[in-house]
Amino acid sequence: QLQLLLDDGHYQESEIVDLLTRAGFGLDYVGDNQAEVTIGKAGIKGHPDGFILSGPQINPSKPAMLEIKARNYQAFKKFSDQGLKAFPRIKAQTQLYMHGNNLPYPVEETHIIFKHKESVKLADVIEKKDSDFALPLIEQVDSIIVDGYEPQPVENPLCEGCRFSSLCWGTPT
């Protein structure tokens, strides 16, 4: 069942890529050709969903990153009402990607598209590159992975729903 759910996400992503292409956007590093970026000295790997090189309201000299999320009604409504504030992990993901070491294009923003899986409605936001947010996060991760620092657990909004919370708080999974 989990594999089917993950596969469904890839189909949803392909559908949005096709829609954007038909709407006149020039895309690169999408689908099976996603770029791999590394973050910080630790070299944590990530795969942005693509890059927007041209199209309506896109300056060709300033490519943007693309991130696509297919979600159920509750998550889609939350995104529609509150934007990225309701999804701190997605904010962290996109900010870290924009600060990656080996981006194929320099980017200053990410276009995040949410698709409601059942109704096919779309909602989107543009997340601007924020070094004040990302660089301290990268430094903290590097200090743990590269330097071996062991932080004391401090609960924060990113802990909610995290599959690793039992490692921090010792609660049963």
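The values are calculated or read from the model by the stated rules, or taken from the named source; none is laboratory data. Note that this is a predicted model, so its numbers are computed, not measured. Quick reminder, even Gly has a Cβ in these numbers, built from the backbone with ideal geometry, and neighbours come from all protein chains shown. Protein only, heavy atoms only, side chains kept; ligands, DNA and RNA dropped before computing areas. Shrake-Rupley method; radii C 1.70, N 1.55, O 1.52, S 1.80 Å.
A few remarks follow.
- Residue selected from the stretch 122-133 under the condition more than 24 Å from G43 (Cα to Cα) and in contact with a Ser or Thr (Cβ under 8 Å, 6 or more places away or on another chain), by the criterion surrounded by the fewest Cβ atoms within 10 Å (Cβ to Cβ): I126
- The stretch 134-167: number of residues that are outside any loop (DSSP other than H, G, I, E, B) and open to solvent by less than 70 Å² (accessible area, probe 1.4 Å): 11
- Residue in the stretch 91-102 that is over 16 Å from the mean Cα position of the chain (by Cα) and either more than 28 Å from Y29 (Cβ to Cβ) or of a type in the set (F, W, Y) (or both) present: no
- Only helices (runs of 4 or more DSSP H) whose full extent lies in the stretch 1-102 are considered here, and the ones with at least 3 residues that are touching a residue at least 60 places away in the same chain (Cβ under 8 Å) and surrounded by 12 or more Cβ atoms within 10 Å (Cβ to Cβ) are 2-22, 88-98.
- Number of positions in the stretch 103-121 that are surrounded by fewer than 20 Cβ atoms within 10 Å (Cβ to Cβ), modelled with pLDDT of 95 or more and in a loop (DSSP other than H, G, I, E, B): 4
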